[in-house]
Amino acid sequence: MNKKLALALCGSAIMAVTATGCGDDTGEQIQSWAQNVCDEVAPQVEKIQNANNAIAEVGDADTPPAEVQKVDSQAFQDLSEAYGGLAGAVDGAGDPPVENGAELRENAAEELNDISTTYTGLKKRMDGLDTKDQNAFADGLNGIVEELHQLGDSSQEALSELQAGELGQAMAEQEGCQSKPAGTGGGDDGASGDAD
């Protein structure tokens, strides 16, 4: 069951943050802006990866619900903090030196802050699940997975404009914005034994 949670997270969290692709030479100001953002992004991406890995590690059907709840709750807390940090990184770098730069920055920071708030809400929901009733717990997890899929769509949109064109190319060249693939987190993607 918790593997669905991990897969939903992997499909959304880091892919929204890490720029991909290759880039041409871009202006010094764009490179400088990208470096400012990406230097701050790297520790937040690592935090997101660690949270995803923690969720994947308790995805075993034999893991007691109370343990799943504890680990996932902490992971959601970490994800909330990481996305808040990403919003701060984008905001703190100032307006990117492109057309509509202020709007791009404001929109990306706002959406990242919204994602952070959503993870805080998911933590509260996780904390409220009844770990003594396996079926109720599984149902609650399913509801959280649904919300994570919606969140994945939102987070993909959050930085898509920011990562387009010259800005995206410049970010792709920065070490801090390069990341391992979102799914690298253990060998739990083989047999998908969901706890029903």
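Could you run through region 125-140 and say how many residues are within 13 Å of GLN77 (Cα to Cα) and open to solvent by less than 40 Å² (accessible area, probe 1.4 Å)?
Of the residues in region 125-140, 1 are within 13 Å of GLN77 (Cα to Cα) and open to solvent by less than 40 Å² (accessible area, probe 1.4 Å).
Any residue in region 60-68 that is modelled with pLDDT under 95, in contact with a helix residue (DSSP H, G or I) (Cβ under 8 Å, 6 or more places away or on another chain), of a type in the set (Val, Ile, Thr) and buried (at least 20 other Cβ atoms within 10 Å of the Cβ)?
Within region 60-68, one or more residues are modelled with pLDDT under 95, in contact with a helix residue (DSSP H, G or I) (Cβ under 8 Å, 6 or more places away or on another chain), of a type in the set (Val, Ile, Thr) and buried (at least 20 other Cβ atoms within 10 Å of the Cβ).
LEU122: open to solvent by less than 40 Å² (accessible area, probe 1.4 Å) and at pLDDT below 90, yes or no?
Taking the combined requirement at face value, the residue does not satisfy it.
Kindly establish whether SER155 is at pLDDT below 90 and not aliphatic (A, V, I, L, M).
yes
Tell me yes or no: at least one residue of region 31-42 is closer than 16 Å to TYR83 by Cβ, touching a Leu at 6+ places or on another chain (Cβ under 9 Å) and open to solvent by 40 Å² or more (accessible area, probe 1.4 Å).
Yes, some residue in region 31-42 is closer than 16 Å to TYR83 by Cβ, touching a Leu at 6+ places or on another chain (Cβ under 9 Å) and open to solvent by 40 Å² or more (accessible area, probe 1.4 Å).
Does at least one position in region 177-194 carry a residue that is modelled with pLDDT of 70 or more and surrounded by 15 or more Cβ atoms within 10 Å (Cβ to Cβ)?
Yes; the residues of region 177-194 include at least one that is modelled with pLDDT of 70 or more and surrounded by 15 or more Cβ atoms within 10 Å (Cβ to Cβ).
Any idea how many residues of region 85-96 are surrounded by fewer than 18 Cβ atoms within 10 Å (Cβ to Cβ) and under 15 Å from ALA42 (Cα atoms)?
Adding up the residues that qualify gives 2.
The values are calculated or read from the model by the stated rules, or taken from the named source; none is laboratory data. Because the structure is a prediction, the values reported are computed rather than measured. Methodologically, a virtual Cβ is constructed for each residue, glycine included, from the backbone with ideal geometry; neighbour enumeration extends over all protein chains shown. Side chains included, ligands, DNA and RNA excluded: accessible areas come from the protein's heavy atoms. Shrake-Rupley method; radii C 1.70, N 1.55, O 1.52, S 1.80 Å.
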